[in-house]
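Have a look at the structure below, then the notes.
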Amino acid sequence: MATSPLPALVGRHSECAALDDLLATLREGGSRILVLRGEAGIGKSVLLKYVAGQASRVTVTRAQGVEADMELPYASLHQLCAPFLTEVEALPEPQRDAIRVAFGMAAGDPPDRFLVGLAVLTLLTRASESRPVLVVVDDAQWLDQVSLQTLEFVARRLFAEAVAMVFAVRDPEGRAALAGLPELRIGGLDTAAGGELLEAAVGGRLEKRVRDRFVAEMDGNPLALLEFSRGRSAAELAYGMASSSPDLRGTVSSRVEQDFASRLASLPEQTRTLLLIAAAEPVGDGHLLVRAATHMKIPRNGAPAKAAGLIEFGESVRFRHPLVRSAVYQQADPEERRAVHRALAAATDPVLDPDRRAWHAAQAAEGPDEEAAAGLEQAADRARQRGGMAAEAVLLERAADVTPDSWARGRRALAAAEAHLSAASPDSATELATRAELCPLSPMDHARLTRLRARILFARSRSDEAAPLLLDAAAQFAAAESPLARETYLEAISATIFASRVHGPTGARAAAIAARASGAPPSGSKAADLLLDGVSTLLADGYETGVPALRRALEPLAHEELGTREATMRWLLLAPVALEAFIHHAWDLHAWDTLATRAVRLARDIGALGALPPALIYLSGVHIHTGNFAEATRMIDEADAIAAATGHAPHQYATLVLAAWRGDEDAAVGIIEDAKASAAQRGEVSLLGVTGYIQGVLFNGLARYDQALQAARSGIEHDGFNFTGLSRVEHIEAAARCGKIDEARASLAQLIKLTRAAKSGWACGASARSQALLTDDDDEADHLYQTAIEEFTRGRVVVEAARTHLLYGEWLRRARRRALARDHLRTAHNMFDGMRANAFAERARRELLATGEHVRVRESNPASTLTPQESQIATLAADGMTNAKIGAELFISPHTVEWHLRKVYTKLGISSRRALPGALATAPAADVKGAGTVESDY
């Protein structure tokens, strides 16, 4: 029979071995994560005690989740970080400020929870420098939500630190908690081990069939076996359970809870009341328990409960098992619970712990109570200031429950619904919105409710259902002369962009016309107001007046002072609308670069990890068009890593565009098909529209013009705000190559309309090159190609400049101007080869071979073996950034930065940071083998 090193852990040899292995890795300086999953009573807590007990020469810190209706933001995280808080002042300023606000040590703007996570990561890393750190978290599914999310972020960012984290999660309650982290599923004991545990508990041997049946009925659950055998001898169980034994039906956890409840009946009434106080007070504060008991005139007589194995009293009060707490609370009648909460409210310090006092006062209310509701509303406001959106939602929901006045109840229910949506709980938000709708609401609250329902729809699906509701809400705000009107009109336009509809009653143009006609007052942000004016003019009046109006918004968008975190978040929310307009209608790569760079910087500065991935994706698009595919790849990888760590869906646009320009058909087609399926499921029609442009680039690069033509047709036929113009560029080239000249000329006429007002290098280059493809006049074609190269170069659109060299070279070769053709084809090949735009590079190579040019294989460079993250860290280090600053920039620890740098030094054959600039200076941004460079024989 397999046994574990500890007698209490019968049959857990493999589980203990896994934990021993985790500790061995930790002591060697490595990091490990392990989530123990299993039903109540299966032995997770005992295994946590085992690993903590075995952790010699290791600093152990713990947190314990508690099943309760209330959650205080960061309460569990504060408990876990308590041993390390003396180091808070040594943290980088943004991290220090975030964690101090989160833990109530200072006032300030609500911190981003992932900036708090980075602070926790830094604290743990600093502590591990002197001694390895083991983090032990029991009942993780009952941590306050923001603490759980933060710890999950920390767990996903551990790489090279001497920090290990072991979580226990109860199933099925915690099925979604910590999903995707390494886990060990804890099942019931097998028949032999369960029998051994049972016989040890009853102090004698049992008849095998009786013993095996008992183990089977308990599903091998150790706690069930121990609790049902408590106080029973082997003789009493010789023929199975007596008729007076508890009912064995139901789940194991319900059976154990029934057994605990049966023990309560034999306790003195005052002891039961003492247990109820402890059950209603989730923190386990022994002093608070004494004060509440004194208030109720209950002597602290816990001996009978302790003797029954239900609780341990001391500085901290701990129930034997969470099911004991549940049994105690559920067995009490409502009046007993109210009395206990009343006593706890009276015993809780209103200055030091006002939020818990407000919660207990509300639970003590026998019916609607405005004083209790107001206290909860104030507690919710304090939770919001600490960044506890989930706690704010719970507190506001309870405040609505006890609000007597129907007007105030509707207002609080609406606020609770908004908080639930911010906390990523759309189902709860929907339920609270319905409750609010049943109450009388002011016109402003009606508008907020309409906007909320639209946001819920938009959060669940990027379909066009949200736009009409947002337009309705914006009109209501405008009628109430609220500054929220213009902001909501921008939201409506944004929703139509994702739904990819310009025309029609719910399209972007309808939203723009409504915004202009609304007479809405200023929003308080010059940038937002000018952006709405510019986008509305663009959509309602066309390009000639719209593009200049849009350009007037660029300066405020680029430089407007943002004094608060809230103002910065509002700027980050409107940035995508601005970027889409400047990219696809102003054809302005400079504006794209300016706004995307600022978005990344602002998101990093305030630690807004929800806004950082899309900002990185937009900036990666700039690098794609300037030909720096390696930098684009690094940014896409960083965005994907942050999105995964924060539980957000990945942003696929840049990945798709980069795959197309690289010309890797296998990778690109797979990504495109996945994106189409995902977009169809979510209703994000704009993603379906962009695939026309992407496949146009891919197949034009591969010289499969018939497929490029078919794809580009779908792009130009799509009634979308974005990518239509870029799709026309692909359509014109493919149609010209396929001999569909009339089709190409029709598309060219539309492209000229799209680009005429922009007057940017990008727009002028696209127009000139497309005209060159279709003109029959050789002199004119020659002039147009040269113009296109000059314009694309002026606009810094390197990929299109290289492509124009290729098209011009192909035209020159067919015109038998061989020498000049070679010059342009050689330029195109070298440019595409340096970018690793492999399909276009191969097109140029074939054309060069046709002219008699030789192409030699490029020698590999050691830097090409760097991973995207290694390359990014090496680049930042070469620029002079310290490990701490690099870690803060990339949301990893300084230890992880150093770990990656050691691997970089080995790959580059250098030994120090000082050698990095030289090693990287000549390194091509490459990861594709077999590329070539051109050598002329002319």
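Okay, here's what the table says:
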| quantity | calculated |
| --- | --- |
| The chain: antiparallel DSSP beta bridges as a percent of all, rounded to 5 | 25 percent |
| Cα-based helix-to-principal-axis angle, 269-280 vs the chain, degrees rounded to 10 | 10 degrees |
| Dipole of the range 783-823, positive end: most advanced residue of ALA815, HIS805, HIS783 [Cβ charges, Cα centre] | ALA815 |
| Cα-centred dipole magnitude for the range 863-922, charges only on beta-carbon of K, R (+1) and D, E (-1), debye, nearest 20 | 180 debye |
| Partners for LYS753 among lysines (Cα-Cα distance below 30 Å; same-chain residues under 8 apart left out) | LYS526, LYS676, LYS740 |
| Angle between the chain longest axis and helix 191-202 axis [Cα atoms, degrees, rounded to 10] | 30 degrees |
| Computed magnitude of the charge dipole of the chain (debye, nearest 20; Cβ of K, R +1, Cβ of D, E -1) | 1400 debye |
| Hits among lysines - C-alpha to C-alpha of LYS885 under 20 Å, sequence gap 8 or more where chains match | LYS903 |
| Relative contact order for the range 266-347, counting Cα pairs under 8 Å that sit 6 or more residues apart, in percent | 40 percent |
| Identified option (computed Cα extents along the principal axes in Å; candidates (i) 126, 68, 50; (ii) 106, 66, 52; (iii) 112, 85, 51) | (ii) |
| Cα gyration tensor, the range 389-563 - rounded (a/c under 1.5), prolate or oblate | prolate |
| Label-point separation in nm, GLU335 to GLN710, each point 7 Å along Cα→Cβ | 7.8 nm |
| Over the range 758-852, relative contact order from alpha-carbon pairs under 8 Å, at least 6 apart, % | 21 percent |
| Ordering of 24-33, 179-188, 754-763, 427-436 by burial proxy (mean other Cβ atoms within 10 Å per residue, highest first) | 754-763, 427-436, 24-33, 179-188 |
| Positive-pole candidate from PHE153, ALA176, LEU22, dipole of the chain, charges at beta carbon | LEU22 |
| C-alpha long axis of helix 389-401 to longest principal axis of the chain, angle in ° | 60 degrees |
| Potential extension, THR545-ARG914 segment - 0.36 nm per residue separation minus Cα distance | 127.5 nm |
| Farthest positive-ward along the chain dipole, Cα basis, beta-carbon charges - from THR724, ALA433, GLY696 | GLY696 |
| Per-pair calculated FRET efficiency, R0 = 45 Å: THR597 and ALA307 via Cβ, rounded to 0.05 | 0.10 |
| Normalised contact order of the chain, rounded percent, pairs of Cα under 8 Å and 6 or more residues apart | 8 percent |
| Theoretical gain in end-to-end length, THR191 to ASP823 [0.36 nm per residue, Cα-Cα removed] | 219.5 nm |
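Since every read-out is calculated from the coordinates, none of them should be taken as a lab result. As the structure is a computational prediction, the values presented were derived from the model and not from experiment. Methodologically, a virtual Cβ is constructed for each residue, glycine included, from the backbone with ideal geometry; neighbour enumeration extends over all protein chains shown.
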